[in-house]
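Asker: After the structure tokens below, expect a handful of questions from me.
All of the numbers you see were taken from the coordinates with simple rules; none came from a lab. On a predicted model such as this, the values are computed, not experimentally measured, just so you know. Here the Cβ is made from the backbone with ideal geometry for all residues, glycine too, and neighbour counts use every protein chain on show.
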Amino acid sequence: MLDTATYLTPDGHEKLRHELDELIHVKRKEIANRIQEAKELGDLSENAEYQGAREEQAFNEGRIEEIEATLRTAVIINDRHSTKGAIQVGSSVTISMAGKESTVQIVGSNEADPTGGFVSNVSPLGQALIGQTAGQTVTVKAPKGEISVTVVKVA
């Protein structure tokens, strides 16, 4: 499998590290205890507690692997990566669409939350904004048609 960079803000990186620590040091032990308790109940073939704990264990281990893979390829975005005035992952951007201004931050896809103002670098809006500077207008190819977006400010 070819690993590609995963862009994370310092806060996003810290959240993933914290989640990984919780899954490994707390959740993994809790699940192991539940499996042991379920084994003590006897016949495992018809033991719903055992089956449920094993499914939770598989999910937990899968999430651990996913986070570890993300962290292995993580590129932490901060000010030293900035290209003077041009929008990139990590930039905070004030945009104007249909006469309304809003501020968004361009983040990697793992941290995207459009309703919270975090726009993925691989979304139509993110792709259109990357490399632009204040004063430029771009056309975003959105699912419902094309939208004109003006870059007001890049921070």
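Asker: Positive end of the dipole of the chain, charges at C-beta (+1 Lys, Arg; -1 Asp, Glu), about the Cα centre: which of Q127, A69, T150 has its Cα farthest in that direction?
Answerer: Checked the options; the winner is T150.
Asker: Give the angle, between 0 and 90 degrees and rounded to the nearest 10, that separates the Cα long axis of helix 28-39 from the longest principal axis of the Cα atoms of the chain.
Answerer: Approximately 30 degrees, to the nearest ten.
Asker: Using alpha carbons only, how many degrees (0 to 90, rounded to 10) separate the axis of helix 10-22 from the longest principal axis of the chain?
Answerer: Between the helix axis and the principal axis of the chain, the angle is about 0 degrees.
Asker: Right, next: In whole Å, what is the distance between the alpha-carbon centres of the stretch 115-136 and the stretch 1-62?
Answerer: Answer, in whole Å: 34.
Asker: Please report, to one decimal in angstroms, the Kirkwood hydrodynamic radius of the stretch 80-154 built from all distinct Cα-Cα pairs.
Answerer: In the stretch 80-154 this quantity evaluates to 12.1 Å.
Asker: Another question about this same structure. Could you work out the Rg to Rh ratio of the chain, with Rh taken as the Kirkwood radius (inverse of the mean 1/r over all Cα pairs)?
Answerer: 1.18
Asker: Can you give me the angle between helix 48-72 and the longest principal axis of the chain, using Cα atoms only, in degrees from 0 to 90, rounded to the nearest 10?
Answerer: 40 degrees
Asker: For K100, which aspartates and glutamates qualify as cross-link partners when the Cα separation must be under 20 Å and same-chain residues fewer than eight apart are set aside?
Answerer: D113, E146
Asker: Suppose only helical runs count, i.e. DSSP H with n ≥ 4. What mean residue ellipticity at 222 nm does that imply for the chain under -39500 (n - 2.57) per run, divided by all residues and rounded to the nearest 500 deg cm²/dmol?
Answerer: Computed mean residue ellipticity for the chain: -11500 deg cm²/dmol.
Asker: Does the stretch 6-76 come out rounded, prolate or oblate by the C-alpha gyration tensor, with a ≥ b ≥ c the root eigenvalues, rounded set by a/c under 1.5 and, if not, prolate when a/b is larger than b/c and oblate if not?
Answerer: prolate
Asker: Now, a different point. Extension gain A58-T137, at 0.36 nm per residue separation less the Cα-Cα distance, in nm?
Answerer: Extending this stretch completely gives an extra 23.7 nm.
Asker: Which of the aspartates and glutamates could a cross-linker span from K15 if the Cα-Cα distance has to be under 13 Å and same-chain partners fewer than 8 positions apart are dropped?
Answerer: Partners within reach: E68, E111.
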